[in-house]
Amino acid sequence: MAGVTWGGYLMPIKIIKDGANQMFTSDILAGVNLARQMGARVINLSLGAPGIQDGALASALAEARAGGTAVVAASGNGGGPGVYFPANLPGVIAVGAVRPDKARASFSSYGPELSLVAPGVGVVVADPKDPRGYSAGLGTSFASPMVAGVVALYMSKYASERRVWPTPDQVYGCLTQTAEDLGPPGKDEEYGFGLVRADRVMANTTHCFP
């Protein structure tokens, strides 16, 4: 189906073993390491958990970012304060969810680490179990790849025009400075810098293509 980055290359990495009903940070770490080995420029983590930290995974994500890979993660579906790990790590673009009316989805976790929000309610996705082939999903796990797709669009355009990949810091600055401000003026805990705006990202010559 069509996605945010219709011309990009996707590399799905499976981290939950067949028949398993849970995942471990070691599984996520293995997936992150594989993505790095394969040369991924953007890593999306539509997963997370509250109240945990893992030094090995945190180090791997920091190393990925230092190597030029942008990292995007879901803020969590706890519905209250407290962005989930690993979205709460420094340098990770933490993404919350909004409804079609641009109000924060009631399930979307929030906090000072939140970077951006994206659509996360009624997101149409391919679903082989549905007789129509599609279904509507909700959750920050659907919002996070929206932002990752915009990151990929921006990085691709920047690289094609400048012959060099933008840094994760440039990616973060571009997306946050072009976001549509929601909630109280400026950055706030429920919306971060606001709603990701692909149109502004791709056209802005001040913050994205100086």
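So that you can scan it fast, the table gives a plain yes or no per residue for (1) crowded, with 24+ Cβ neighbours inside 10 Å; (2) within 23 Å of TYR172 (Cβ to Cβ):
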site: ALA103; (1), (2): no, no
site: GLY111; (1), (2): no, yes
site: LEU116; (1), (2): yes, yes
site: VAL121; (1), (2): no, no
site: ARG132; (1), (2): no, no
site: SER141; (1), (2): no, yes
site: ALA148; (1), (2): yes, yes
site: VAL151; (1), (2): yes, yes
site: LYS157; (1), (2): no, yes
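Being out of contact with any helix residue (DSSP H, G or I) (no Cβ under 9 Å at 6 or more places or on another chain) and either under 22 Å from GLY55 (Cα atoms) or not small (Gly, Ala, Ser) (or both): is that true of PRO86 here?
no
Please determine, by comparing only the residues of the range 42-90 that are surrounded by 24 or more Cβ atoms within 10 Å (Cβ to Cβ) and among the polar types (S, T, N, Q), which one is farthest from ALA148 (Cα to Cα).
SER75
Test of understanding: among GLY111, GLY120, GLY137, GLY133, which residue is of a type outside the set (Lys, Arg) and under 13 Å from the mean Cα position of the chain (by Cα)?
None of the others qualify; the one that does is GLY120.
If I go through the range 155-170 residue by residue, how many of them are more than 19 Å from the chain's Cα centre (by Cα) and either over 21 Å from GLY91 (Cα atoms) or among the small types (Gly, Ala, Ser) (or both)?
Selection size over the range 155-170: 5.
Taking the range 60-80 on its own, how many of its residues are touching a Leu at 6+ places or on another chain (Cβ under 7 Å) and in a helix (DSSP H, G or I)?
Qualifying residue count, the range 60-80: 2.
Looking at the range 52-59, is at least one residue more than 27 Å from GLN170 (Cα to Cα), in a helix (DSSP H, G or I) and in contact (Cβ under 8 Å) with a residue 24 or more places away in the chain? Let's see the steps before the verdict.
Applying the first criterion (more than 27 Å from GLN170 (Cα to Cα)) to the range 52-59 yields 52.
In the following step, the residues that additionally are in a helix (DSSP H, G or I) were identified as none.
No: zero hits.
Got a number for residues in the range 91-101 being crowded, with 20+ Cβ neighbours inside 10 Å and without any contact (Cβ under 8 Å) to a residue 24 or more places away in the chain?
So the count comes out to 0.
Here, each number is a calculation from the coordinates, and none is a lab measurement. Just so we're clear, the structure is a prediction, and the values are computed from it rather than from any experiment. A quick note on method: Cβ atoms are made from the backbone with ideal geometry, for glycine too, and the neighbour counts reach across all protein chains shown.
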